[in-house]
1. Please list 3J(HN,Hα) in residue order for region 40-47, calculated via the Karplus relation 6.51 cos²θ - 1.76 cosθ + 1.60 where θ = phi - 60°; whole Hz, with x for glycine and proline.
2. Work out, step by step, the length gained on full extension between R138 and T98: first 0.36 nm times the residue separation, then minus their alpha carbon distance; give nm to one decimal.
3. Amide H to amide H, which residues 5 or more places from Y45 or on other chains are under 5 Å from it, using H placed in the peptide plane?
4. Can you work out ³J(HN,Hα) from phi for every residue in region 73-88, in order, using Karplus 6.51 cos²θ - 1.76 cosθ + 1.60 and θ = phi - 60°, giving whole Hz and x for Gly and Pro?
5. How about region 32-141: which chymotrypsin sites (Phe, Trp or Tyr not before Pro) there lie in a loop by DSSP and see at most 11 other Cβ atoms within 10 Å?
Amino acid sequence: LIRRQHKFGRYGIKQMKMKKQLLLLFLLALLPLVANAGIEIDGIYYNLNSTEKTAEVTSNPYKYTGSVIIPATVVYQGVEYDVTNIGNQAFSFCSALTSISISNSLVSISNEAFYYCPSLTSINIPNSVTSIGQLVFRHCI
């Protein structure tokens with residue numbers, strides 16, 4: 001009696017199931033990264049903290065240009081968030097960024113927030129900001 005092997009071989013089906021499971025685990029591991037992707041509101045990208053109702057300015061995949069006004073609050077899906085932080089490298093390498101206006105709700109500016117913004121000539125930092133990270137204005141004029 002000659003046994004005909006399946007086209008996947010003797011262990012092929014188990015290997016295929018294992019590959020599918022590994023792919024599923026990999027995709028599940030990426031889910032938090034996708035869920036934490038910045039939300040664009042009026043041209044500015046934010047990471048939103050739904051527990052504390054706060055928003056952090058984050059990087060724009062297309063880079064910020066010109067004058068940017070960071071508001072005190074933003075509304076997303078009917079929920080209001082206080083804008084409290086400019087995140088790590090939020091404006092880094094925005095070579096066409098010329099000015100930033102920051103609201104009084106902001107309390108911190110994280111590391112390298114404006115790293116290499118050679119056209120940035122005007123920024124107001126309100127008294128509400130109590131923490132400024134490292135290398136925030138490195139390679140700016």
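Values quoted throughout were computed directly from the atomic coordinates according to the rules given, and no laboratory measurement underlies them. The structure displayed is predicted, hence computed values, not measured ones. A quick note on method: Cβ atoms are made from the backbone with ideal geometry, for glycine too, and the neighbour counts reach across all protein chains shown.
1. Per residue, the Karplus-derived 3J(HN,Hα) values read 8, 10, 6, x, 10, 9, 9, 9 Hz.
2. Values: separation 40, 0.36 × 40 = 14.40 nm, distance 1.52 nm.
Net length gain for the segment: 12.9 nm.
3. Hits under the 5 Å cutoff: T58.
4. Coupling constants for region 73-88: 9, 9, 10, 10, 6, x, 10, 8, 10, 7, 7, 10, 8, 9, x, 3 Hz.
5. Numbers: sites: Y45, Y46, Y62, Y64, Y76, Y81, F91, F93, F114, Y115, Y116, F137; in loops: Y62, Y64, F91, F93, F114, Y115, Y116, F137.
Those that pass, being in a loop and sparsely packed, are Y62.
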